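Visitor: Take a look at this one; I'll ask things after.
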């Protein structure tokens, strides 16, 4: 009995020493950290503990980590933020992006792209947001924020043409009630030479405490003036998405006669208008993007407008969009900034999109694959490049949620393995 007691004390001592040695949940070793907000671009280690960034240092002892990630030769960035997505998936017939079959479950596309935060861009309105929250936001591992559609019904096809359902007061009321989730207002797809929808969206944003408005012009004949939109209707901090779109029913940024960005666009940027990619199905054209890139007119934020159609067409995913901007001449630093700290600032959540000590541990580990890749737009114009961004591993809230090649050691934390074994012994179906 006494012998057993002493053996138990020795075992507890060993476990205590192991526990003290392993003071971090995850240690990421040897990666090149690119954190634009904190102006970091260096090979360093990162330690993660209790869901937070605990330490950045030149050399963290790997023995201190329960899991150790070998990131040598890779890029370690803040978790990517995609501020234009459509996540209100459902089964309702003819509902399109609002509880319909054109939206997609966020966890199915985010982590494999290093994305840890998405902003649903107006799929729900004030009337349908509670369903979206309970159905998608509350059950997703991905952080899902939302832009509330100025149309009460949300993005439900023809309902978006109903000016009578564009209620600034009710929209603002719901936005304020869910201020931790609703980060802005969205206007999308309205067809008509009429400023009323834009003005009501801006009014809702103002009533809700000054949250930004994202504008997606549906189109009109003749097209509404984007100069008037930027200078007379929008406020500094409001977002013009689909900024490199070229559709006949919308005015676009680059003058096709001169192949130059229109001068008032630069004035709008100085005024504080935000230019977001919002790639989408037909809302990005190289004929707009390439001349703009040549002038050094880069987007403030890179986003996908991901939905069932766009993800299976030219857009693909967040990393493909980022790769296109690398291929067009943006630096890796600028591409990362436009996918992390810039969108965080645009939605007024600057606690996101960085690797500051004490911040939430949302981390993407990226690789640049060498090869031959074709990057085309919806018109069929194709660029070729020899480098493509690829996600190796994603950490969300301090836990590894995606590991492409098993670069974490052990692949699963010991407690997770123990739980899995216990479940197997009990015959549980997981």
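Throughout, read-outs are computed from the coordinates displayed, never taken from laboratory work. Nothing here was measured: the structure is a model prediction, and the numbers come from that model. Because the Cβ atoms are built from the backbone with ideal geometry, glycine has one as well, and the counts that use them run over all protein chains shown.
Visitor: Under 20 Å from a point 7 Å along the Cα-to-Cβ line of residue 176: which residues of region 138-167 have their amide N that close?
Guide: Once the point is set 7 Å along Cα→Cβ of residue 176, 146-152, 166-167 turn out to lie under 20 Å by backbone N, inside region 138-167.
Visitor: Using the Kirkwood radius built from alpha carbon pairs, what does the Stokes-Einstein equation give as D for region 316-358 at 37 °C and 0.692 mPa s, in µm² per second?
Guide: In µm²/s, the coefficient rounds to 295.
Visitor: For region 279-353, what does the alpha-carbon gyration tensor say about shape, rounded, prolate or oblate, given a ≥ b ≥ c as the root eigenvalues, a/c under 1.5 as rounded, and a/b over b/c as prolate?
Guide: Oblate.
Visitor: So, one more: What is the distance, in nm, between label points placed 7 Å from the Cα along the Cα-to-Cβ direction at residue 38 and at residue 138?
Guide: Result: 3.5 nm between the two label points.
Visitor: Right, here's the next one. Report relative contact order for region 236-385 in percent, whole number only (criteria: Cα-Cα under 8 Å, sequence separation at least 6).
Guide: 20
Visitor: Could you work out Rg/(2.2 N^0.38 Å) for region 228-385, with Rg from alpha carbons only?
Guide: Its radius of gyration relative to the 2.2 N^0.38 Å reference: 1.05.
Visitor: If you don't mind, another one. What share of the DSSP beta bridges in the chain is antiparallel, in percent to the nearest 5?
Guide: Here the antiparallel bridges make up roughly 55 percent for the chain.
Visitor: Hey, what did region 79-363 get for relative contact order, percent, Cα under 8 Å, at least 6 apart?
Guide: 16
Visitor: In terms of the Cα gyration tensor, with a ≥ b ≥ c the square roots of its eigenvalues, is region 338-407 rounded because a/c is under 1.5, prolate because a/b exceeds b/c, or oblate?
Guide: It comes out oblate by the Cα gyration axes.
Visitor: Want the number for residue 92 to residue 195: 0.36 nm per residue separation, take away the alpha-carbon distance, what's left?
Guide: Full extension of this stretch gives 34.0 nm more.
Visitor: Would any residue of region 241-260 have its amide N under 18 Å from a label point 7 Å out along Cα→Cβ of residue 227? List them or say none.
Guide: 250-260
Visitor: Quick one: divide the alpha-carbon radius of gyration of region 62-219 by 2.2 N^0.38 Å and tell me what you get.
Guide: 1.16
Visitor: Taking a virtual spin label 7 Å from the Cα of residue 58 along the C-beta vector, which residues in region 23-49 bring their backbone nitrogen under 17 Å of it?
Guide: 29-33, 40-47, by backbone N distance to the label point.
Visitor: Mean-square fluctuation check for the chain, GNM, Cα pairs under 10 Å: which of 409, 323, 171 is largest?
Guide: 409
Visitor: Tell me whether region 79-363 comes out rounded, prolate or oblate; compute the Cα gyration tensor, take square roots of the eigenvalues as a ≥ b ≥ c, and use a/c under 1.5 as the rounded threshold.
Guide: It comes out rounded by the Cα gyration axes.
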